1. Given an 8 Å cut-off on Cα distances and at least 6 residues of separation, report the relative contact order of the stretch 1-114 as a percent.
2. Taking all protein chains in place and a 1.4 Å probe, what share, in percent, of the accessible surface of the stretch 64-213 do carbon and sulfur account for?
3. At a Förster radius of 30 Å, what calculated FRET efficiency corresponds to the Cβ-Cβ distance of ALA190 and ALA132, to the nearest 0.05?
4. Could you work out Rg/(2.2 N^0.38 Å) for the stretch 118-202, with Rg from alpha carbons only?
5. Compute the FRET efficiency between ASP161 and GLN183 as 1/(1 + (r/R0)^6), taking r as their Cβ-Cβ distance and R0 = 30 Å, and round to the nearest 0.05.
6. About the Cα centre, and with charges only on the beta carbon of Lys, Arg (+1) and Asp, Glu (-1), how big is the dipole of the chain? Nearest 20 debye, please.
7. Please state, to two decimals, what the Cα-based radius of gyration of the chain comes to when divided by 2.2 N^0.38 Å (N = residues).
8. Hey, if you put +1 on the Cβ of every Lys and Arg and -1 on every Asp and Glu Cβ in the chain, which of PHE188, VAL115, LEU253 ends up farthest toward the positive end of that dipole?
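The values are calculated or read from the model by the stated rules, or taken from the named source; none is laboratory data. The shown structure was predicted, so the numbers you read here are calculated from the model rather than taken from an experiment. With ideal geometry, Cβ positions are generated from the backbone for all residues, glycine too; neighbour counts draw on all protein chains shown. Heads up: the accessible areas ignore ligands, DNA and RNA and are worked out on the full protein's heavy atoms, side chains in. Shrake-Rupley method; radii C 1.70, N 1.55, O 1.52, S 1.80 Å.
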Amino acid sequence: AALAELASALADAETAVALTGAGISAPSGVPTFRGEDGVWGDEFDPEDFRIGRLRRDPAGFWRDRVDLHDRLFPDGVEPNSAHEALASLEAAGRLDAVVTQNTDGFHAAAGSETVLELHGNAARVACVDCGATRPAEPVHERVRTAVEAGDDEALPPTCPDCGGPLKPDVVLFGESLPRSTFQRARAFAADSDVFLAIGSSLEVEPAASLPRRAAAGGTLAIVNLASTRADGRADIRLRADVTDVLPALAARLDAD
Ligand code: OAD
Ligand code: ZN
């Protein structure tokens, strides 16, 4: 019944927006941050990934960062049927944008066109001094090699253009979100007749403020295996796996 309700709300919506979190990539083999199998806790300490640590202890930061990256994105992980369903809904004119907290780039890879990456993209690194961005993998490989060889001189990695410090092109704890991307996301949320919050605990601000903004004017739907911070405001709750809900939703709207 909730799925039918959501399909009909989307069919009627002038503007529909999705906000995704780690849960949409979990079926691809990317671990989540919170909850039972989340990496924050015994495995990794979020305090180690603050912008202040990168400034204070860049070599240590980069060692931990490459470990985290390799844990989050094992070789061969790729988008799943839930990402594909969102791309199909957009192509069919049923969805206007995907706002994501994920840094895996899976929405664009699955064919979504209007994608707002609130927390950046882990496949890139950026130079703190000159701003140049480049693929992360060669930088990660340098860090792995230095760590294996016990070669502390080779750390931290620096910008090949200007020698400045490098940073993963993601939002670290203690940093603000890319301003214009977040402003666009807020405008989409405010305009939305249907706002779909998918696979996110909705615990991290300011991303978690988007469903609050949306709920004021439209239908808020939540797709999650578990409860979230925003369940109390939701009009429609689907407590199920993203790979069950989203392909079925696309099928109902003839978008598959
Ligand atoms: P969380 O790890 O906090 O939440 C993941 C959510 O996905 C949980 O609510 C799960 O119940 C749900 N979930 C897991 N598997 C699912 C499935 N197959 N189907 C449906 N739901 C599922 O992840 P986020 O909310 O994305 O920040 O976390 C937000 C931010 O916190 C991340 O972007 C990251 C982290 O610190 C940065 O990296 C800046
Ligand atoms: Zn540089």
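1. Reported as a whole number, the value is 36 percent.
2. 45
3. Efficiency for this residue pair is about 0.30.
4. Taking N as the residue count of the stretch 118-202, the ratio is 1.44.
5. It comes out at approximately 0.55.
6. 800
7. 1.05
8. PHE188
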